[in-house]
Amino acid sequence: MPGRKPLPHPDDPMVAAYFEHCAAGKLCFQRCTACGAWRHVPRIQCAQCGSPDWEWAESSGRGKLFSWTVCHQAMHPGFADEVPYAVAVVELEEGVRMVSGLRDVSFDSLALDLPLRVVFESAGEGVSLPYFTSV
């Protein structure tokens with residue numbers, strides 16, 4: 001029996017800020033103000049230079065398919081109505097990689113480096129989540 005999808009309820013203010021940007025229709029990541037490195041998931045220190053100084057910066061939202069899998073069995077009841085569905089690792093132009101779902105992309109078209117762009121989808125309760133579709 002299908003259930004309700006789990007929604008993010010971040011306790012960490014940095015993670016909460018990420019989802020606030022998504023709710024505004026913006027895909028934003030942290031960028032180190034010392035060396036310029038982009039990073040995701042949000043964290044307090046740069047992995048490149050160790051600096052604690054950073055800012056939120058908007059991504060282009062464009063990237064390419066780095067890896068994917070097609071799920072034929074829902075791992076949570078909230079996704080039962082969507083099987084089969086693809087889960088993807090997307091490499092953004094900024095170099096950040098993130099896990100997301102795909103929208104309006106046929107399984108037959110999935111290929112390494114497939115050009116993608118971000119789209120936002122309301123998940124309810126004021127939460128919008130980033131998904132990707134082909135360019």
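The values are calculated or read from the model by the stated rules, or taken from the named source; none is laboratory data. The shown structure was predicted, so the numbers you read here are calculated from the model rather than taken from an experiment. Quick reminder, even Gly has a Cβ in these numbers, built from the backbone with ideal geometry, and neighbours come from all protein chains shown.
Does D113 satisfy the condition of being at positive phi and touching a residue at least 40 places away in the same chain (Cβ under 8 Å)?
Values: at positive phi: yes; touching a residue at least 40 places away in the same chain (Cβ under 8 Å): yes.
So D113 fits the description; yes.
Here is a check on your reading of the model: is A123 assigned to a helix (DSSP H, G or I), touching a residue at least 40 places away in the same chain (Cβ under 8 Å) and of a type outside the set (V, I, T)? I'd like the intermediate steps shown before the answer.
Working: assigned to a helix (DSSP H, G or I): no; touching a residue at least 40 places away in the same chain (Cβ under 8 Å): yes; of a type outside the set (V, I, T): yes.
Criteria not met by A123.
Take the residues in segment 84-133 that are exposed (fewer than 12 other Cβ atoms within 10 Å of the Cβ) and of a type in the set (D, E, K, R); name whichever of them is nearest to A74 (Cα to Cα).
The extreme case among them is D104.
Within segment 56-72, count every residue that is within 15 Å of G101 (Cα to Cα) and either modelled with pLDDT under 95 or not hydroxyl-bearing (S, T, Y) (or both). Walk me through it before giving the result.
Let us first name the residues in segment 56-72 that are within 15 Å of G101 (Cα to Cα), namely 61-72.
Applying the additional criterion that residues be either modelled with pLDDT under 95 or not hydroxyl-bearing (S, T, Y) (or both) yields 61-66, 68, 70-72.
So the answer is 10.
If you go through segment 101-115 one residue at a time, how many are in a strand (DSSP E or B) and either small (G, A, S) or within 19 Å of P8 (Cα to Cα) (or both)? Explain how you work it out, then say what you get.
To start, the set of residues in segment 101-115 that are in a strand (DSSP E or B) comprises 101-102, 115.
Still in the list and also either small (G, A, S) or within 19 Å of P8 (Cα to Cα) (or both): 101-102.
Adding up the residues that qualify gives 2.
Does A57 satisfy the condition of being small (G, A, S) and either closer than 23 Å to P115 by Cβ or more than 18 Å from the chain's Cα centre (by Cα) (or both)? Talk me through it step by step, then tell me what you get.
Working: small (G, A, S): yes; either closer than 23 Å to P115 by Cβ or more than 18 Å from the chain's Cα centre (by Cα) (or both): yes.
Here the answer is yes, as A57 does meet what is asked.
Would you confirm whether or not segment 119-127 contains a residue that is in contact with a strand residue (DSSP E or B) (Cβ under 6 Å, 6 or more places away or on another chain) and among the aliphatic types (A, V, I, L, M)? Before you say what the answer is, go through the steps one by one.
First pass over segment 119-127, keeping only residues in contact with a strand residue (DSSP E or B) (Cβ under 6 Å, 6 or more places away or on another chain): 119-123.
Next cut, among the aliphatic types (A, V, I, L, M) only: 119, 123.
For segment 119-127, residues in contact with a strand residue (DSSP E or B) (Cβ under 6 Å, 6 or more places away or on another chain) and among the aliphatic types (A, V, I, L, M): present.
Can you tell me which of R39, R43 is within 19 Å of M14 (Cα to Cα), surrounded by 13 or more Cβ atoms within 10 Å (Cβ to Cβ) and at pLDDT 95 or above?
Details: R43 fails: at pLDDT 95 or above.
Going through R39, R43 in turn, just one is within 19 Å of M14 (Cα to Cα), surrounded by 13 or more Cβ atoms within 10 Å (Cβ to Cβ) and at pLDDT 95 or above: R39.
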